[in-house]
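What follows draws every value from the coordinates through simple rules; no lab data is involved. Being a predicted model, the structure only gives us computed values, none of them experimental. Ideal geometry is used to build each Cβ from the backbone, glycine not excepted, and the neighbour counts take in all protein chains shown.
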Amino acid sequence: MNTTELQKKLIATARSMAADERVPYAFEKRIMARLDAVRPLDVWTLWGNALWRAAVSCVAVTLLTSAWMLWSDHGSSTHGDFSEELETAVLVAADSADETW
Amino acid sequence: MDPTDPELIAAVLKGDTASFEPLVKKYLPRVFATARRYARRDSEVEDIVQEVWSKAFLKLSSFRGEAPFEHWLMRLAVHTCYDFLRAHQRNRETSFTELSDAETGWLDRYVADPDAASESAAAAKQLVARLMEMLSPPARLIITLLEIEDKSVKEISALTGWSVPLVKVRAFRARAEMRKCLAKITRDKYL
């Protein structure tokens, strides 16, 4: 048997077969539904979300630290008025200068 | 007036996913026709088509608009079909004893008188499908594009991403492989 001729005949058969363009009913809806699942990740959105989360954490830590400092100062304060302490600290240099004279 | 393909693509890229649906609707028949050249079962064809559209959606930003969207999509479809063929390579090994009575009858008629065996016969079509399934993925792709869809070597090169010389070499090998498969089918009975 001449396989080359048979090959030509079968290829002619394949060519004569019209392309089957049938589409199942509402298949485009199925594709669109699937696209929601494969939606690409937006790097900038992810980055923004991460930044917001980090900012909230930072604010929370700051508030907690401030509160802790405030409470611990109240509990351990043995000195008098804050203004007195400030005045003493500021005038230390002046006092020592007088002693030099 | 309906929006053009570039307008729809621009809208999708801006985040309007719904604008993708008219594109899907417009080119779905062509993608189905391409997928049916490489897969027989409906479930496989549908999987290929869904894969093509998922890839198209995800890679839409890489579409530069230099060529029509349809060309870009068909390239994607051909690549997806080729991946499918490679992934299902092992499943396609067929036993030659599985020739149906109709196929054997058609071959008998062809041996008796080549002109008497009609090209449009259902048995001939079955035989073609069987033969295509016996081919390796690159051979099947080349035979489909070159011989059945009648595309030029240059067009195949653009569709597959293979160089023109590589397409020519693969076409030569594919024809030889096809003859070999035909010889396998007919060896026991007629040679």
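Here are some notes:
- Distances between placed amide hydrogens fall under 5 Å for B:LYS151 paired with B:LEU146, all partners being 5 or more residues away or on another chain.
- Taking all C-alpha pairs of chain B, those more than 25 Å from each other amount to 46 percent.
- Remark on A:MET17: its backbone amide H falls under 5 Å from none of the residues 5 or more positions apart or on other chains, H modelled at 1.01 Å from N.
- Using R0 = 30 Å, the C-beta based FRET efficiency linking B:LEU166 and B:ASP47 works out to 0.60.
- By the combined test of axial Cα extent (at least 15 Å) and Kyte-Doolittle hydropathy (mean at least 0.5), the qualifying DSSP H helices of chain B come to B:122-134.
- Using a Förster distance of 51 Å, the FRET efficiency for B:SER100-B:GLU70 (Cβ separation, nearest 0.05): 0.85
- For the protein assembly as shown, the equivalent ellipsoid derived from the alpha-carbon gyration tensor has semi-axes of 75, 21, 18 Å in decreasing order.
- Simple label model, 7 Å out from Cα along Cβ direction - B:SER118 to B:ALA11, nm: 4.8
- Here the simple spin-label model places points 7 Å from the Cα toward Cβ, and for B:HIS79 and A:ALA94 these points are separated by 8.0 nm.
- When chain B is treated as a Gaussian network with alpha carbon springs shorter than 10 Å, the biggest mean-square fluctuation among B:SER163, B:SER61, B:SER120 belongs to B:SER120.
- Alpha-carbon geometry of region B:1-76: the Rg and the Dmax are 12.7, 38 Å, given in that order.
- Set of region B:50-93 residues, backbone N closer than 11 Å to the point 7 Å along the Cα-Cβ line of B:ALA18: none
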